[in-house]
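The values are calculated or read from the model by the stated rules, or taken from the named source; none is laboratory data. Just so it is clear, the model here is predicted, and its values are computed rather than measured. Heads up, the Cβs are rebuilt from the backbone with ideal geometry, glycines too, and the neighbour counts pull from every protein chain shown. Surface areas here come from the heavy atoms of the whole protein model, side chains and all, with no ligands, DNA or RNA. Shrake-Rupley method; radii C 1.70, N 1.55, O 1.52, S 1.80 Å.
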Amino acid sequence: MAGKRVALVTGSTSGIGLGIARRLANDGYCVAVHSRTSAEAGHALAAELGDAVYVQADLAEDEDRRRLVHETVAATGRLDVLVNNAGISGTIPHADLQAATPEIWRDLYEVNAIAPFRLVAEAEPHLRAAARAGSPAAVVNVASHAAVRPKGASIPYAASKAALVHTTKLLAVTLAPDIRVNAVAPGLVDTPLTETWEDTRALWRERSPMRRAATPEDIAQCVTALIDSTYISGEVMMADGGLNLT
Ligand code: NAP
């Protein structure tokens, strides 16, 4: 296949996704930037990155999921890497069971668990084509330490990310050897999503061996390590500064 490798990074106008998009562009990828509503920021980032495109899509909608992959490939001609980063959260104390309504469960599952699977399903033929043309294909899902440990902003959030972790392993088995599928499980990351989480930030400062929250660049480095590997598949890379050890 001629030309640059292409990476689609969902939710790349903000926070972790923005860090991943910048890092992959720096590593020589043509990046497909994506978001739900922040189209202006998306277009500005694509212009800043140079060899990049922006596609808007609401990942709660299946038609938009399909269109996102279709428009990315139509604009770039290929797809080598898919980073399922976009996600939603919201704080609900775990003990307040009534507050975790069925509607909240459904909303979180649509975006955090179903959308990543559906994007892989749509991307599969393109990723396989890249692999068969000699460009190793990879999917990286951005999960959460809350998917692995009984923690997190809410029980529905943690469960939606746990579903994503198990889906990662199932897809790694199903899509090998053409497509490797891995996940990163960040702890606290400094992004707009967590701007007001002062107690959590104090927890990371005081209890985590690394004594701080992660930056989006820290997580981007984990994502590129999994993309660049030639062998790792079905792994969940914990990126919580070691908090799970304490
Ligand atoms: P963020 O700053 O809130 O950015 C979220 C991005 O996802 C934005 O680009 C947003 O687009 C997009 N997005 C949200 N809902 C969408 C939807 N329905 N359709 C399409 N795009 C949508 O979040 P972040 O903190 O960087 O988090 C990124 C990922 O890491 C998420 O999956 C999150 O669960 C996970 N994570 C974060 C942390 C943390 O501490 N920050 C820890 C563990 C895991 P718009 O701005 O246009 O809405």
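Sort out which residues of the range 55-87 are among the hydrophobic types (A, V, I, L, M, F, W, C) and within 18 Å of the chain's Cα centre (by Cα), and write them in order of number. Steps first, answer last, please.
Here is the first cut: in the range 55-87, the ones among the hydrophobic types (A, V, I, L, M, F, W, C) are 55, 57, 59-60, 68-69, 73-75, 79, 81-83, 86.
Correct list: Val55, Ala57, Leu59, Ala60, Leu68, Val69, Leu79, Val81, Leu82, Val83, Ala86.
Of everything in the range 170-212 that's small (Gly, Ala, Ser) and open to solvent by 20 Å² or more (accessible area, probe 1.4 Å), which residue is farthest from the chain's Cα centre (by Cα)?
Step by step, filter the range 170-212, then rank; the result is Ala202.
In the range 69-77 there is at least one residue matching the filter, namely being in contact with a strand residue (DSSP E or B) (Cβ under 7 Å, 6 or more places away or on another chain) and hydroxyl-bearing (Ser, Thr, Tyr). Considering only residues that are without any contact (Cβ under 8 Å) to a residue 40 or more places away in the chain and either among the hydrophobic types (A, V, I, L, M, F, W, C) or touching a strand residue (DSSP E or B) at 6+ places or on another chain (Cβ under 8 Å) (or both), which ones fall in the range 167-189? Once the filter is applied, which keeps residues that are without any contact (Cβ under 8 Å) to a residue 40 or more places away in the chain and either among the hydrophobic types (A, V, I, L, M, F, W, C) or touching a strand residue (DSSP E or B) at 6+ places or on another chain (Cβ under 8 Å) (or both), the range 167-189 yields only Leu170. Do we have Asp107 as within 20 Å of Ser12 (Cβ to Cβ) and either open to solvent by 20 Å² or more (accessible area, probe 1.4 Å) or touching a His at 6+ places or on another chain (Cβ under 9 Å) (or both) here? In short, no.
Screening the candidates Ala86, Ala95, Ala100, Ala47 for the property of being within 13 Å of the ligand (Cβ to nearest atom) and among the aliphatic types (A, V, I, L, M) yields one hit, Ala86.
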